[in-house]
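The structure appears below as C-alpha cells.
The values are calculated or read from the model by the stated rules, or taken from the named source; none is laboratory data. Predicted model, so just to flag it, every value in this text is computed and none were measured. Positions of Cβ are generated from backbone atoms using ideal geometry, with glycine treated the same way; all protein chains shown enter the neighbour counts.
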Amino acid sequence: MNISDRSFVSRGEIAYSENKNEIKTISGGYLVCEDGICRGAYAELPEQYAMLPIYNYGKQLIVPGMTDLHTHAPQYSFRGIGMDAELLEWLNTYTFPEESKYADIEYARKAYNYFAEDLRRSFTTRAVVFGTIHNEATIELMNMLENTGVVTYVGKVNMDRNGGENLQEQSAEASIKATEDWLMAIDGRYENTMPILTPRFVPSCSDELLNLIGKLADSRNLRIQSHLSENKSEIAWVRELVPNSTSYANAYELFGNMGTAERPTIMAHCVYSDEKEMEILKKHGAYIAHCADSNMNLTSGIAPVRKFIDAGINVGLGTDVAAGSSMNMLKTILITLQASKMYYRLVDTDVKQLTFEEVFFIATEGGGRYFGKVGAFKEGYEFDAVIIDDGKMFSTRDMSIRERIERMCYNDADVVIMDKFVKGRQIYGKL
Ligand code: GUN
Ligand code: FE
C-alpha cells in the first residue's frame, strides 16, 4: 500500500509482546497510529479513532519492527564468506583488509548503498551500526541511512593500535581529533541518524584513547558501543594489555567507557561474561547485544542469555554482520533459540533454554528500549511496524497468529515483507 499520512489505522493479524513471557495477538485487529505514535491495538476500533483512514491488510501479519543492536555496515560486502576462521584470524584476514578499502569514498558509496537499501527492506526498524575509521565514508553512510528512514546510531570507529598499517590511526590524539571533526561535520544534519562513540575493542585502542573517548562521551553526552568477551584468545590478550583490570568489562570501566543508565553503553557478545562482568554491566545500565549467528560462525561460544535476563541486564539482539552472515532478524531469532537450547543441553542444565516468547520480546521491545518507547504496540510507543505476507507458506493446518509468528522465525522461506513503518512513516512498500 501507499500510505502518506502518519495518522491512520491498520487492520490485520496483529502480534506483539505484552511482556517477555506473553505475546498478545488480535485477529482482524485495529492498530492505531496518531502522528507517528501508537495509540494501541484493539479488537474493536474505539469511537474516537473512527475518523482516521483504515488500511486493511486482511490476513497479513502486523508485528513490531525489530532492533538490530549491533552490526557492521562495511562488512556487508563479505557477508557469508570466510567463515572458517576464529575471531582474531578472521579480523586480520578478512575484516581489516576490507574495512581499509573505505578510505576510497567511491568504493564506500557503492558498498554502503547496498547495505542501506537492504536494511530498508528488512525487518529492522532501528539499528546500531559500526562504520570504519574513515570520516568521509562514515558521513556518506549516515546520509544514506537517513534516507532509508530507519532510525540508527552510527559510529566512526576508533583504532590506534593493532590494525596494521592500513587500518590504524596515528595516535590517540589523532583518533580523537578525527572523531571531533566527524561530530562537527554531522552536527544538526539528521533527524533519525545519531552519532555513537565506537572504540572497536580493547586490542584496537590504547589506554590513552579509551580514556579520551570516555571523557568525550561525558563532555558531549554521547553513548558508546564496543565489543566485550567474545572469544577466549581475545580475552587473554586483553588481560595482557590491561594488566591492572580485574576483568575485560572492568578494563572498559577503568577508562570510563561503560556509560550510565541515561547513556547506556552497548557491549556486543559477552559470551564469556561471568558474575563479575554481569555485575559491572548491570551497575552501568549497559545493553548486551547478543549475536548468536556471529558466535556460531566464528566458533566463539554461546552467551548465557538466560543468566543475563535473570540478573536484570538489558539484552537486545545483534546480527553482527559480517561475523553474522545476514541482517535478517528472523534468522537471528532462530539461531538465538537454537543456541540457547544447546547451552542448556550441552553446557549447563541449570540454565533453561529461552522460550520463543522471550526471544521475540528481546528482538522487539528488549532491544527497542535502547531507543525509548519502541518495539511494541502499546499506547505511547513510537509506531514501528512491519506487515508480513506468509500466504505462500501453504499448509493444511489452521494456524493461530502465535503459530504463524513462530513458524516465520523457524522457516522464513516464503515470508514476504509488504510494508514497513518507522515512527508512523511508511519507509518501504512492496506494492
Ligand atoms: N571485535 C572487534 N572487532 C570486531 C568485529 O568487527 N566483529 C566481531 N565479531 N568482533 C570484533
Ligand atoms: Fe561486531
Among (1) closer than 30 Å to ALA85 by Cα; (2) touching a residue at least 40 places away in the same chain (Cβ under 8 Å); (3) outside any helix (DSSP H, G or I); (4) among the β-branched types (Val, Ile, Thr), there is one condition ILE333 misses while meeting the rest; what is its number? (3)
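Select from the stretch 211-244 the residues that are among the acidic types (Asp, Glu) and buried (at least 22 other Cβ atoms within 10 Å of the Cβ) and write down the one among them that is farthest from SER294 (Cα to Cα).
First, the residues of the stretch 211-244 that are among the acidic types (Asp, Glu): 218, 230, 234, 240.
Narrowing further to those that are buried (at least 22 other Cβ atoms within 10 Å of the Cβ): 230, 234.
Details: GLU230: 10, GLU234: 15 Å.
Once the filter is applied, the top-ranked residue is GLU234.
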Checking ALA111 against (1) within 16 Å of ligand 1 (Cβ to nearest atom); (2) buried (at least 24 other Cβ atoms within 10 Å of the Cβ); (3) not basic (Lys, Arg), only one condition comes out false. Which one? (2)
Considering ASP350, ASP320, ASP389, which residue is within 21 Å of LYS282 (Cβ to Cβ) and acidic (Asp, Glu)? ASP350
Going through the stretch 390-405 one residue at a time, which ones are out of contact with any Asp or Glu (no Cβ under 6 Å at 6 or more places or on another chain) and surrounded by fewer than 19 Cβ atoms within 10 Å (Cβ to Cβ)? GLY391, PHE394, SER395, THR396, ARG397, ASP398, MET399, SER400, ARG402, GLU403
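Would you check if ALA111 is on the phi < 0 side of the Ramachandran plot and more than 15 Å from ligand 2 (Cβ to nearest atom)? Let's see the steps before the verdict.
Details: on the phi < 0 side of the Ramachandran plot: yes; more than 15 Å from ligand 2 (Cβ to nearest atom): yes.
In short, yes.
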Residue in the stretch 301-311 that is acidic (Asp, Glu), farther than 20 Å from LEU88 by Cα, buried (at least 20 other Cβ atoms within 10 Å of the Cβ) and over 12 Å from the mean Cα position of the chain (by Cα) present: no
The stretch 272-325, residues that are small (Gly, Ala, Ser) and away from ligand 1 (no atom under 14 Å from the Cβ): SER273, GLY285, ALA286, ALA311, GLY312, GLY316
Do we find that MET144 is in contact (Cβ under 8 Å) with a residue 12 or more places away in the chain and within 30 Å of ASP412 (Cβ to Cβ) in this structure? yes
Which members of the stretch 65-74 meet the condition of being outside any strand (DSSP E or B) and touching a helix residue (DSSP H, G or I) at 6+ places or on another chain (Cβ under 6 Å)? ALA73, PRO74
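Considering each of SER229, SER233 in turn, give the residue that is in contact with a helix residue (DSSP H, G or I) (Cβ under 9 Å, 6 or more places away or on another chain), at pLDDT 95 or above, of a type in the set (Gly, Ala, Ser) and within 15 Å of ligand 2 (Cβ to nearest atom).
Details: SER233 fails: within 15 Å of ligand 2 (Cβ to nearest atom).
Only one candidate qualifies: SER229.
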If you take just the strands (runs of 3 or more DSSP E) that sit entirely in the stretch 1-64, which of them hold at least 1 residues that are touching a residue at least 24 places away in the same chain (Cβ under 8 Å) and hydroxyl-bearing (Ser, Thr, Tyr)? 8-19, 22-34, 54-64
Looking at the stretch 318-342, which of the residues that are in contact with a Ser or Thr (Cβ under 8 Å, 6 or more places away or on another chain) and of a type in the set (A, V, I, L, M) is surrounded by the fewest Cβ atoms within 10 Å (Cβ to Cβ)? MET327
Scan the stretch 387-400 and tell me whether some residue there is in contact with a strand residue (DSSP E or B) (Cβ under 7 Å, 6 or more places away or on another chain) and under 23 Å from ARG223 (Cβ atoms). no
Could you pull out the residue among ILE81, ILE54 that is closer than 24 Å to PHE383 by Cα and either within 16 Å of ligand 1 (Cβ to nearest atom) or more than 22 Å from the chain's Cα centre (by Cα) (or both)? ILE54
Tally up the residues in the stretch 75-89 that are more than 11 Å from ligand 2 (Cβ to nearest atom) and part of a helix (DSSP H, G or I), please. 5
Index of the failed condition, GLY164 passing every other in (1) of a type in the set (Gly, Ala, Ser); (2) surrounded by fewer than 24 Cβ atoms within 10 Å (Cβ to Cβ); (3) modelled with pLDDT of 95 or more: (3)
Look at the stretch 126-140 and say how many of its residues are crowded, with 24+ Cβ neighbours inside 10 Å, aliphatic (A, V, I, L, M) and either away from ligand 2 (no atom under 16 Å from the Cβ) or farther than 14 Å from LEU183 by Cα (or both). 4
